[in-house]
Amino acid sequence: MNARHLRQVDIVRAAQASGVKLGKSHISQYVSGKTTPRADTLRFLADTLQVDEQWLLGHDRGRPGMPAQPKRVPDNPGGRADAPRTPSSQASAPQTTSPSHEPEGTPMRHFNKSTKLDNVLYDVRGPVVDEAARMEQSGMHVLKLNIGNPAPFGFRTPDEVVYDMSRQLSDTEGYSASKGLFSARKAIMQYAQLKNLPNVGIEDIYTGNGVSELINLSLSALLDNGDEVLVPSPDYPLWTACVNLAGGTAVHYVCDEESEWYPDIDDMRSKITDRTVAIVLINPNNPTGALYPKEVLQQIVDLAREHQLMIFSDEIYDRLVMDGLQHVSIASMAPDLFCVTFSGLSKSHMIAGYRIGWMVLSGNKSIAKDYVEGINMLTNMRICSNVPAQSIVQTALGGHQSVNDYIVPGGRLYEQREYIYNALNSIPGVTAVKPKAAFYIFPKLDVKKFNITDDEQFALDLLHDKRILITRGGGFNWHEPDHFRVVYLPRIEVLKDATEKLTDFLSCYRQ
């Protein structure tokens, strides 16, 4: 790429013109040697780079017509020439037998990833994170503002939760029922009733190893090849990935930054086709921190009702709402529709590592009997979710909610939100909408001022120059290179140091 003066974005554009499905993250994975292109992609890359396919795979380095020592491609996905390269980063795929036992003239068999993964990306833990890990291994300190993991920033699990789990460990050594412990599901059912979810019984509650497992399970049980699901842009990227992995097509509707990041209902309506089966809502939203009012939710319900669509509502941050606002579950407004609502304890109780989440089926379940059979089948196949973590759901949902102390004036999350919002907006060329919930902010960069055409390159440059790790906007299926997400879990003094470094970085940054 360096030898041909090509950037990742140039190859992506050439791929689009040729009808080849290829994104910047795919190229980053190829450059780092983590994955090998499929045959059709390999042919396109070889033609574009004007090299031989086998040479590109790392074979036949001395092949006639190829440079004997091609210009080195750096280990880091952004193509920076100043980063060291680790050995064997372009190793070939596994071999069925060792070369010494390979019958002469027999082609070597390679094992490739499934084509189902061609459109599955998850940049929250992607190429830029891999580069940060390499830097850490070489002794550098990296400030990680890329992932919502409360524990490393001093947020502790409530003592009562830890105590109750320790008391129950000996009773949780075996499997539970596939949907979960009765006590956990009863507590979740009562919580759903407090949120006014209609027509919910204990058999409508499913526990999971975090919400992530249940998102994958619920979509796998629903989608046939070609089914379409409306997913927000920006989104939590697992939703897009799981829709695609299940054989469906994620169709992104726009959330409008000029309107507090609320969903653009007209855009949503324009993207509904006869293949659309469901709408995904992330409320409170990750990555923007938006909280949707009842008026917006009602418009989405009306749209789903008009087109007979299911609603998936990701509400994992529903207890992290600030400014005296109240979270409303969209399912409470749609008793005649079929809704699946997701939540859990990872964020509200600062126990992300325990992996305990749940989903609740509500509303008109009579129209989804066959789908529920599919959910039950997949639930049974995974046996059950983490039983020790299930054992503390009742404790966590009852009694004092320690998270409430964080989200009011004087509380850590509230004060850190106030600081990061003001600090980012004071940087020339940066603007940000104030988040109302969760612990993320999604600032916008003036791409003309900084000449930014590649947000992954921006993230890499910031990482290399200031040792700060953020997630690019494209990692959340935002299709312009002008945003990035900041996790504001660190204490104010750490955020202050980070924003000062970002200010200094942007004062002279041009891509």
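Values as computed for the structure displayed
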| read-out | value |
| --- | --- |
| Listed residues ASN225, VAL129, TYR317: farthest to the positive end of the dipole of the chain (Cβ charges) | VAL129 |
| 5 angstrom amide H check on LYS436, placed H, neighbours 5+ away | ALA290, LEU291 |
| Given charges at Cβ of Lys, Arg, Asp, Glu: the chain dipole, positive-most of VAL340, GLY33, TYR206 | GLY33 |
| Sequence ranges 163-171, 473-481, 248-256, 502-510, ranked by mean other-Cβ count within 10 angstrom, highest first | 473-481, 248-256, 502-510, 163-171 |
| Charge dipole (debye, nearest 20) of region 124-180; +1 at Cβ of Lys and Arg, -1 at Cβ of Asp and Glu | 200 debye |
| Angle in degrees between helix 492-507 and the longest Cα principal axis of the chain, rounded to the nearest 10 | 40 degrees |
| Positive-end residue of HIS327, PRO443, ILE468, charge dipole of the chain with Cβ unit charges | ILE468 |
| 9 Å beta-carbon shell around PRO287, net charge (K/R +1, D/E -1) | 0 |
| Size of charge dipole - region 383-445 - debye, nearest 20, with Cβ of Lys, Arg +1 and Asp, Glu -1, no other charges | 220 debye |
| Residue-count net charge about ARG43 - beta-carbon cut-off 14 Å; Lys, Arg +1, Asp, Glu -1 | -2 |
| Order by protection proxy (mean Cβ within 10 Å, highest first), peptides 310-318, 23-31, 222-230, 48-56 | 310-318, 23-31, 222-230, 48-56 |
| Estimated [θ] at 222 nm from DSSP helical runs (n ≥ 4, -39500 (n - 2.57)) normalised by residues in the chain, nearest 500 | -10500 deg cm²/dmol |
| Charged-residue dipole, Cβ positions (Lys, Arg, Asp, Glu), the chain about Cα centre, Debye nearest 20 | 960 debye |
| Between region 267-346 and region 467-501, the alpha-carbon center distance in angstrom | 26 Å |
| Solvent exposure of region 242-362 as accessible area per residue, Å², 1.4 Å probe | 31 Å² |
| Three-way shape label, region 224-312, alpha-carbon gyration tensor, a/c 1.5 | oblate |
| Unsatisfied cross-links (Cα-Cα over 24 Å) in the set LYS271/LYS294; LYS195/LYS347; LYS21/LYS444; LYS294/LYS434; LYS116/LYS144 | LYS21/LYS444; LYS116/LYS144 |
| In Hz, Karplus ³J(HN,Hα) per residue of region 309-316 (6.51, -1.76, 1.60; θ = phi - 60°; x = Gly, Pro) | 10, 6, 10, 9, 10, 8, 10, 4 |
| Net charge over other residues, Cβ less than 13 angstrom from the Cβ of GLU315 (K, R count +1; D, E count -1) | +1 |
| Rounded percent of accessible protein surface that carbon and sulfur make up, the chain, 1.4 Å probe | 50 percent |
| Relative contact order [Cα under 8 Å, 6+ residues apart], the chain, whole percent | 17 percent |
| Antiparallel content of DSSP bridges confined to the chain, in %, to 5 | 50 percent |
| Cα gyration tensor, region 227-276 - rounded (a/c under 1.5), prolate or oblate | oblate |
| Restricting region 404-450 to chymotrypsin sites (Phe, Trp or Tyr not before Pro) in coil, as DSSP defines it, with at most 10 other Cβ within 10 Å | none |
| Amide H within-cut-off set for MET310, under 5 Å, with H built and near neighbours excluded | ALA278, ILE279 |
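The values are calculated or read from the model by the stated rules, or taken from the named source; none is laboratory data. Just so we're clear, the structure is a prediction, and the values are computed from it rather than from any experiment. Neighbour counts run over all protein chains shown; Cβ positions are idealised from the backbone, glycine included. What goes into the accessible areas is simple: the full protein's heavy atoms, side chains included, and nothing from ligands, DNA or RNA. Shrake-Rupley method; radii C 1.70, N 1.55, O 1.52, S 1.80 Å.
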